[in-house]
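Undergrad: Dropping the structure in here first, questions after.
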Amino acid sequence: MTSCIVTKDTASSRALTAQMRQNTYGLKYGHPPNKGLIMAKKSTHHLQYADFAFAASATPRELETLCRLTTRIDVKKGSILMHQGAFGNEVLLLVHGQLVIEKDGKLIASIAPGAVVGERAVILNEPRDATVRAAFDSTILAMSRSEFNTLLAECPSIARNILEEALTRA
């Protein structure tokens, strides 16, 4: 497993995304990842996501699109994935492990596999409402703003499930 560092500012977030893509390219074409960078994994893993709430009614094509648009990342316990007040550039789907949500330094929720985090800030183009931290070593699927918008456009059943979950938390 590898660790993930997500930063507060947009420039650092772009650098993180570039590092993830560089590692994905290197893994795909047989080059070892650069030392100190995050190892991102792209693979055909769509069947294992069919049982999660965000993909409960998804077609096989939608699940394949989900896999094409996401980057699977293993994060270490204690990693901060999103900072309260930071601009939202990515959406995360929890695959394995547990995330905790903290607002103003206080624990407000614990997130189980199948949950989506960060979508509200991306959809509404506003700062993050809370900080998200890995409570245990976890696995997430990460999407940039543009990848998330593509998912919403190309996968109506997944989009509906994600938007319904976001509305219940509003």
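Undergrad: Those residues that are at pLDDT 85 or above, of a type outside the set (Lys, Arg) and open to solvent by 20 Å² or more (accessible area, probe 1.4 Å), I need them from the range 155-170; list them, please.
TA: Of everything in the range 155-170, those that are at pLDDT 85 or above, of a type outside the set (Lys, Arg) and open to solvent by 20 Å² or more (accessible area, probe 1.4 Å) turn out to be PRO156, SER157, ASN161, LEU163, GLU164.
Undergrad: Do we find a residue being in a strand (DSSP E or B), free of Cβ contacts under 8 Å to residues at least 60 places away in the same chain and either of a type in the set (Val, Ile, Thr) or within 23 Å of ARG169 (Cα to Cα) (or both) anywhere in the range 63-73?
TA: No, the range 63-73 contains no residue that is in a strand (DSSP E or B), free of Cβ contacts under 8 Å to residues at least 60 places away in the same chain and either of a type in the set (Val, Ile, Thr) or within 23 Å of ARG169 (Cα to Cα) (or both).
Undergrad: Moving on. Tell me whether the range 45-54 contains one or more residues that are touching a helix residue (DSSP H, G or I) at 6+ places or on another chain (Cβ under 6 Å), within 23 Å of ALA130 (Cβ to Cβ) and not hydrophobic (A, V, I, L, M, F, W, C).
TA: There is no residue in the range 45-54 that is touching a helix residue (DSSP H, G or I) at 6+ places or on another chain (Cβ under 6 Å), within 23 Å of ALA130 (Cβ to Cβ) and not hydrophobic (A, V, I, L, M, F, W, C).
Undergrad: Given the conditions (1) on the phi < 0 side of the Ramachandran plot; (2) at pLDDT 95 or above; (3) over 14 Å from the mean Cα position of the chain (by Cα), and given that ASP104 satisfies all but one, which numbered condition is not satisfied?
TA: Of the numbered conditions (1) on the phi < 0 side of the Ramachandran plot; (2) at pLDDT 95 or above; (3) over 14 Å from the mean Cα position of the chain (by Cα), the odd one out for ASP104 is (1).
Undergrad: Would you be able to tell me the number of residues in the range 89-128 that are open to solvent by less than 50 Å² (accessible area, probe 1.4 Å) and closer than 11 Å to ARG145 by Cα?
TA: Number satisfying all stated conditions: 8.
Undergrad: Moving on to the next point. Kindly list, by first and then second residue, each pair from a residue in the range 95-108 that is without any contact (Cβ under 8 Å) to a residue 24 or more places away in the chain and hydrophobic (A, V, I, L, M, F, W, C) to a residue that is surrounded by 13 or more Cβ atoms within 10 Å (Cβ to Cβ) and not in a strand (DSSP E or B), limited to pairs with Cβ atoms under 7 Å and residues at least 6 apart or on different chains.
TA: If the second residue must be surrounded by 13 or more Cβ atoms within 10 Å (Cβ to Cβ) and not in a strand (DSSP E or B), the pairs left are ILE108/ALA130.
Undergrad: Restricting attention to the range 116-166, which residues are more than 11 Å from LEU69 (Cα to Cα), in contact (Cβ under 8 Å) with a residue 40 or more places away in the chain and assigned to a strand (DSSP E or B)?
TA: Listed by number, the residues that qualify are VAL116, PRO127, THR131, VAL132, ARG133, ALA134, SER138, THR139, ILE140.
The values are calculated or read from the model by the stated rules, or taken from the named source; none is laboratory data. This one's a predicted model, so the numbers in the text were calculated from it and none came from an experiment. Heads up, the Cβs are rebuilt from the backbone with ideal geometry, glycines too, and the neighbour counts pull from every protein chain shown. Surface areas here come from the heavy atoms of the whole protein model, side chains and all, with no ligands, DNA or RNA. Shrake-Rupley method; radii C 1.70, N 1.55, O 1.52, S 1.80 Å.
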